[in-house]
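Quick notes on the structure that follows.
The values are calculated or read from the model by the stated rules, or taken from the named source; none is laboratory data. The structure displayed is predicted, hence computed values, not measured ones. Here the Cβ is made from the backbone with ideal geometry for all residues, glycine too, and neighbour counts use every protein chain on show.
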Amino acid sequence: MKLLAFLLLPSLISARRESGSSLGFDRDTPRRGSDRQRDSADSSSTLDLPQFVRVEIEIQRLENPGAVLATGKACKFFSGACDPSISAFLDSNSPLSPFPGAALPVEQWPKIFSQSNTNSPTIGKSVNKDICGGALDKVNLRVHAVDSNTLLSDSLLANFDCPFSINARDIAKDANTATWGESTECRNTNPNSKIRLFARQRAYQIPPNVCRSDSSLALDSASAAGGKRDGQHDFIRIEFQVIQLLNPQGITADGKKCSHGFSSTCNPKITVLLDTEKPLAAWPGAKTVPNYDLLSADSGTNSPVINKNVGKNVCGGSVRQVNLRAHVVDVGTISSEKLIGDFHCLFTVDYRQVAASQSSSDWSGTQDCQNLQPNNDIRLQYRFRVFDITPAQCGIGTTTPASSFLGSISNIFGG
């Protein structure tokens, strides 16, 4: 009997394999939605996103059949028609933050459309943004619509958030092969308003030179490691600490000595930009040097110890490379400033190493920034850390319970 069972065992196992019963479900049974969603989330990781991408969002049309303002009042007492004027900003840094997001005041946004005596115009205008080395999976077109008035101040029609998720599968090889996604209704920030706005999105790869990419900032082999996955580390803070400028010879970028009267020591001033927008672009990156922020200013010292932090919250977006750009000059008492050095302090964000909080985060080891004037030995040292922050630290949930707000945002992004 035991011998018979032993002989029959292989055929029984083979039959179970063919039926699929050993997996817990029939071979022909459709997979559960949660299984498909999990696979989809894995495949849509930002690990696979190209480095140089142009994102375009087309504002298709505004619908305001009631010819009303945000207050519910009529646009014009006599004509009964509106004069819509629309300005917009494509937010890739903080797409989940409340309106207006990571932008200049709405009054300074570029105007992209205006028309007189119409309530529901067809717009057909696009806003685009180049992503140079950054990895992102969400963007938000912020739209500010007003009723233009030549005599009085403009009156608000509505503010809109137009969020889109970017999936690696949907990024075309170039502009010629890129297709528009489905028309999507934007979210009016006034839930009681009946004014509607519709937009659609596409994304495609662009050559590095179009992004003004600096070939000297080539990615290392680890740049694809530790990509962000949906639902993880949506709200993080990136912090740099500039530790010390090392200029023992007391020289400027041209190799000459700093000189101020009887003193031969430098008066170094450092301004910085924490660049997550165009970290691989050529100097000076996303802003011009005059718009950099002052970090430190010292007198009568060549190699000052700085130990000052520069930080940035990333609210809903994702980043791959981050570049702290530093501009160092010698400040003269009479003559103009002289360049000591421009520096790139570049690192790759590994989302597997993001700390749960600031208190549990560790600084990286001390590293040297890249001196863009390679013929001298002037060095700038830094270290960095990345940790999770709460939605409230991004300005989310201050007036609405965070869970319900994030839930609605998640629905908007298809989460």
Exercise. Just checking, how many residues over the stretch 299-334 are of a type in the set (Val, Ile, Thr) and under 30 Å from Pro98 (Cα atoms)?
Worked result: 4
Seminar exercise, completed: If we keep only residues of the stretch 248-270 that are among the β-branched types (Val, Ile, Thr) and out of contact with any Asp or Glu (no Cβ under 6 Å at 6 or more places or on another chain), then the residue surrounded by the fewest Cβ atoms within 10 Å (Cβ to Cβ) is Thr265
Exercise. Among the candidates Thr398, Thr333, Thr390, which residue alone is modelled with pLDDT under 90 and more than 25 Å from Thr265 (Cα to Cα)?
Worked result: Thr398
For this session: Could you list all residues from the stretch 182-204 that are touching a Phe, Trp or Tyr at 6+ places or on another chain (Cβ under 6 Å), closer than 29 Å to Gly133 by Cβ and either basic (Lys, Arg) or not in a loop (DSSP other than H, G, I, E, B) (or both)?
Result: Arg200, Gln201, Arg202
Exercise. So Ser120 clears everything in (1) over 28 Å from the mean Cα position of the chain (by Cα); (2) buried (at least 18 other Cβ atoms within 10 Å of the Cβ) except one condition, right? Which one?
Worked result: (2)
Exercise. Which of the strands (runs of 3 or more DSSP E) contained wholly in the stretch 279-372 include at least 3 residues that are outside the structural domain of Thr265 (by TED's automatic domain parsing)?
Worked result: none
Problem set entry | Scan of the stretch 137-185 for residues that are of a type in the set (Val, Ile, Thr) and either surrounded by 12 or more Cβ atoms within 10 Å (Cβ to Cβ) or in contact with a Pro (Cβ under 9 Å, 6 or more places away or on another chain) (or both), ordered by number | Val139, Val143, Val146, Ile166, Ile171, Thr184
